[in-house]
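For reference, the structure is listed below as structure tokens.
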Amino acid sequence: MAVSLNYPSPVNVNGFACWNCGDVAMAKRDIDPAHPASGPHNKNAASDPSRKPLDHARLEAVKQAAQHATQAVGTYSAIGVQPVPTAPGAAFQLLA
């Protein structure tokens, strides 16, 4: 008789959150326990029905926000980062 118990908090194995011994065994083989149909190293991720399709508009907005954030850093000093002054609303743009 097998007993399946979840851990009280997830354990990270190869960068994957594992809740039980089965998840740990999959993570050791580089299979995401949350999406096991994707296979090792997400080889079959495109055909995995458990994955949501990628929202390209949202991904592009995140990339642009990250690019603007890196441009907003002016210099580094002993007290920390000196940001470049920007106009209000110039750092990022929200699209609905």
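The values are calculated or read from the model by the stated rules, or taken from the named source; none is laboratory data. Owing to the predicted nature of the structure, the values given are computational and were not obtained by experimental measurement. Protein only, heavy atoms only, side chains kept; ligands, DNA and RNA dropped before computing areas. Shrake-Rupley method; radii C 1.70, N 1.55, O 1.52, S 1.80 Å.
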Using only the Cα atoms of segment 1-46, build the gyration tensor, take square roots of its eigenvalues as a ≥ b ≥ c, and label the shape rounded, prolate or oblate: rounded if a/c is under 1.5, else prolate if a/b is larger than b/c, else oblate.
prolate
Let me check something: with ligands and nucleic acids excluded, how do 51, 58 order by accessible area (1.4 Å probe), largest to smallest?
58, 51
